1. Inside segment 16-44, can you point out the residues that are closer than 17 Å to residue 2 by Cβ and either assigned to a helix (DSSP H, G or I) or touching a strand residue (DSSP E or B) at 6+ places or on another chain (Cβ under 7 Å) (or both)?
2. Are there any pairs with C-beta distances below 6 angstrom linking a residue in segment 390-414 that is under 16 Å from residue 69 (Cβ atoms) to a residue that is basic (Lys, Arg), with the two at least 6 apart or on different chains, and if so which?
3. Please go through segment 69-85 and give me each residue that is farther than 23 Å from residue 161 by Cα and either in contact with a strand residue (DSSP E or B) (Cβ under 8 Å, 6 or more places away or on another chain) or among the charged types (D, E, K, R) (or both), ordered by number.
4. Do you know which residues across segment 373-418 are away from the ligand (no atom under 16 Å from the Cβ), over 23 Å from residue 151 (Cβ atoms) and among the aliphatic types (A, V, I, L, M)?
5. Quick one: in segment 323-338, of everything that is free of Cβ contacts under 8 Å to residues at least 12 places away in the same chain and in a helix (DSSP H, G or I), which residue is farthest from the ligand (Cβ to nearest atom)?
6. If I filter segment 344-354 for residues that are more than 27 Å from the chain's Cα centre (by Cα), exposed (fewer than 13 other Cβ atoms within 10 Å of the Cβ) and in a loop (DSSP other than H, G, I, E, B), do I get at least one hit?
7. Would segment 297-315 turn up any residue that is in a helix (DSSP H, G or I), closer than 29 Å to residue 213 by Cβ, more than 16 Å from the ligand (Cβ to nearest atom) and out of contact with any Pro (no Cβ under 8 Å at 6 or more places or on another chain)?
8. What about residue 270, is it among the small types (Gly, Ala, Ser), under 21 Å from the mean Cα position of the chain (by Cα) and either crowded, with 22+ Cβ neighbours inside 10 Å or more than 10 Å from the ligand (Cβ to nearest atom) (or both)?
Amino acid sequence: MSDSAELSLPDQDIKLPVIVGTENEHGLDITKLRSETGYITLDSGYGNTGSCKSEVCFINGEKGILRYRGYPIEQLAEKSSFVETAYLLIWGELPNEQQLADWSSLLTEHSNLHEGLRFAFNSIPPQGHPMATLSSMINAVSSYHPELLNVSSDEDFRQAAAKLISKVRTIAAFSYRQTVGYPVRYPKPTHDYCSNFLHMMFSKPYSGFEADPDLVSALNKILILHAEHEQNCSTSTVRMVGSSGANLFASCAAGVCALWGPLHGGANVAVLEMLGRLHAGDMNVKDFMERVKNKEERLMGFGHRVYKNFDPRATILKEAADIILPKLGVNDPLLKIAKELEEIALADDYFVSRKLYPNVDFYSGILLRAMGIPVDMFTVIFAIGRMPGWIAHWYEVFRDPSARINRPRQIYTGSTERDYTPIEARS
Ligand code: SDX
């Protein structure tokens, strides 16, 4: 296989180096294209463009493969914990017992919020969207911990990463308590990551609370499945913002904002709304699918830029829903509707020809709802899960001596040069 490709342009030819990844992905290195030819490339949505080299996550969309640092997602979802998976994503190796114990206790140490920050929640209207609260409070954390703004060593980074992963859970829970009018419940040092989150979310002011082990296990699995996904919109946003030298908190707060969109992390909410409309009888499933094929509706939770086969996370979440809902004594009619939609889509050429399969968001909302998580918190749960992935990618940019500020080019299609027109001469 040649290590370069010949590009024949109207007025010249240029050799472009071929770059090959460890999983045999091939790319053309166009770093010198503009300086040597004056040409740039155009790829709206970046469907064909690699923005970086990365060691964090591998996806083969055609085969439905997802691996974190080489470990298959199916094995991690089955055998790991979110805290252990976060360590793996950030530092590249599964921790030994001592490393895991140190990492867990660091997260426990940083689980609470500065009291000043706690009172900041009082100024947020209860009806405010939790993703707005999350992104603003992540930046606010760095105001109370200015030492986090200048990460200059691995230890600085480790502290900042621990604070962010641990506190994002507390911010989410405090934000929820604000909306339901409950006093906040402080994290308990005796609880593990997921049990503590459920405690802070659901403990009543007047009674104790012990999280159902099935709930804790389901939350661990959901967070692991959402922890990382290479150059998705929000992770690319974190890398983009981090490339300017912006601190970890500002970069991840920007990631929260990108994740909020209904085409990205907000899709799990849109799926519930879609299933709810069908359950309410607005229209039947077959008519809805006809509207989708006429492009009058979008089948939320379906399709993916990379997966042109099953999203392995959807498969795991569907299996988890079949196990956990009965265990929780939940019989959600929306699960039946979701399966009906999937069955129709997988047998209909409109979807098959476009390689549209269920993605991570198709079943996650049904599980979260069964666990008692309010719908407007679904994307917040996604953000809590994705935090280690964002941090791992920010760290790759931070440590890369060859990293440059991300600054894409464009093809200008606006007005050509013209002179200023005095206002009296304008029509
Ligand atoms: C996430 O990137 C990631 O990794 C993201 C994520 C992660 O972990 O970070 O995996 C999380 O964001 C999952 C995706 C959640 N979003 C949704 O479920 C929203 C519904 N899905 C779509 O909007 C869409 O599939 C996207 C946004 C996910 C992907 O969009 P693309 O790659 O730009 O695909 P496209 O819009 O160019 O669609 C190609 C064709 C079009 O039809 P034609 O013009 O060829 O006739 O497929 C059709 C689209 O109309 N299509 C759909 C569809 N998705 C694509 N038709 C109906 N329903 C859909 N959901």
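Every number in this text was worked out from the coordinates using simple rules, so none of it is lab data. In this text the structure is predicted, and so the values were computed from the model without any measurement. No Cβ is skipped: glycine too gets one built from the backbone with ideal geometry, and neighbour counts run over all protein chains shown.
1. If the condition is that a residue be closer than 17 Å to residue 2 by Cβ and either assigned to a helix (DSSP H, G or I) or touching a strand residue (DSSP E or B) at 6+ places or on another chain (Cβ under 7 Å) (or both), then 16, 17, 18, 19, 20, 26, 27, 28, 29, 30 are the ones that fit.
2. 393/239
3. 72, 74, 78, 79
4. Applying the first criterion (away from the ligand (no atom under 16 Å from the Cβ)) to segment 373-418 yields 373-374, 376-377, 395-418.
Now restrict to residues that are over 23 Å from residue 151 (Cβ atoms): 373-374, 376-377, 408-418.
Result: 373, 377, 411.
5. Selected residue: 326.
6. So far as segment 344-354 goes, yes, one or more of its residues are more than 27 Å from the chain's Cα centre (by Cα), exposed (fewer than 13 other Cβ atoms within 10 Å of the Cβ) and in a loop (DSSP other than H, G, I, E, B).
7. First, pick out the residues of segment 297-315 that are in a helix (DSSP H, G or I): 312-315.
Among the residues that remain, those that are also closer than 29 Å to residue 213 by Cβ are: 312-315.
Going one step further and asking which of them are more than 16 Å from the ligand (Cβ to nearest atom), we end up with none.
The answer is no; no qualifying residue exists.
8. In short, no.
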